[in-house]
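Data first, discussion second: the structure below is written as structure tokens.
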Amino acid sequence: MTGVRRGLAAVVLVMVAGLSACDDEAEPPRVDLPAAGDLFTCDRTFTRASEPPADLVEQGGISEWAGGYVGDGYVVRRAASSPLGLIALVSGDVARARTELVPRGVSVVAPWQDPQGDANPFAQVTEVVAQRLAPVAREVRREVRGLEGGYDVVPWVAGGAVVVQWRAPVPGVVQALAGERADRVRVILEEVPLSRHQVDRAAAAIEEADDLGVEVTATSGCAGGTGLVVGVPPDTEIDDRPALQERLAGVAGVPVLVVPLEAAAAPGP
């Protein structure tokens, strides 16, 4: 099958470059396919719930005085709880604010940006958390590069954590990465059924098949490492979705979710 471009389906959070070569298994993937008639849904696990910070009450108390606080050359424009502790967004002298506020219980001090148009100021808090997760995610990717069984390394903003998805057995060096860092960013290990290598191989099997009975517009891994997303044109008539997914799963060797998805635009030069 030619012209099929492996892209990111809408259900995928973050596909991390560099993990696709984490293992070079010679054997085909061995996973349990859904029973006949069952509908595989590509569910993920770790984003279903985000536990509130243990010190939420304490953060609320700090926020009462920090919100609107006027310091020496700065003003706290917003104070908000987060999994990383209370975040204070300030205008003015950020360095001075950090010196004064951190000893008083504020975890993160960042510059305030005036919202443009209808932008939600709380989005700035989310961005601050994302910025704290990014270097930890990069560090983790460096540590696991070249190890067999890796699927993805996902910054989980709502949980204030970096999730390392790995197919069992998980190497000891990967297990050792789990835990909370000094800046309160957590590294969470999530075992998943498939490695990135297995999913890439399943996608190749779909793309190279001669006759699937449907046009395939794109393929990508499920965000939870549970199977393969196969895109078909939105106007495709599917009378029996479980049967179609079962048939494609037989080709791919892994569970398959079929979704309506326009073909991705060809990459530029």
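The values are calculated or read from the model by the stated rules, or taken from the named source; none is laboratory data. In this text, all values refer to a predicted model and were calculated from it rather than measured experimentally. Ideal geometry is used to build each Cβ from the backbone, glycine not excepted, and the neighbour counts take in all protein chains shown.
Matching residues to (1) modelled with pLDDT under 95; (2) in contact with a Leu (Cβ under 9 Å, 6 or more places away or on another chain); (3) not in a strand (DSSP E or B):
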| residue | (1), (2), (3) |
| --- | --- |
| Thr99 | no, no, yes |
| Val106 | no, yes, yes |
| Gln113 | yes, yes, yes |
| Gly117 | yes, no, yes |
| Gln131 | no, no, yes |
| Tyr151 | no, yes, no |
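Scanning segment 106-149 for residues that are within 25 Å of Tyr69 (Cβ to Cβ) and surrounded by 17 or more Cβ atoms within 10 Å (Cβ to Cβ) turns up Val106, Ser107, Val108, Val109, Ala110, Trp112, Gln124, Val125, Val128, Val129, Arg132. If you go through segment 93-141 and keep only what is in contact (Cβ under 8 Å) with a residue 24 or more places away in the chain and closer than 30 Å to Trp166 by Cα, you end up with Val125, Thr126, Val128, Val129, Ala130, Arg132, Leu133, Val136, Ala137, Val140, Arg141.
For the criterion of being loosely packed, with under 15 Cβ neighbours inside 10 Å, farther than 25 Å from Glu180 by Cβ, without any contact (Cβ under 8 Å) to a residue 60 or more places away in the chain and outside the structural domain of Arg132 (by TED's automatic domain parsing), Val90 fails. Within segment 171-198, restricting attention to residues that are surrounded by fewer than 16 Cβ atoms within 10 Å (Cβ to Cβ) and among the acidic types (Asp, Glu), the residue that is modelled with the lowest pLDDT is Asp183.
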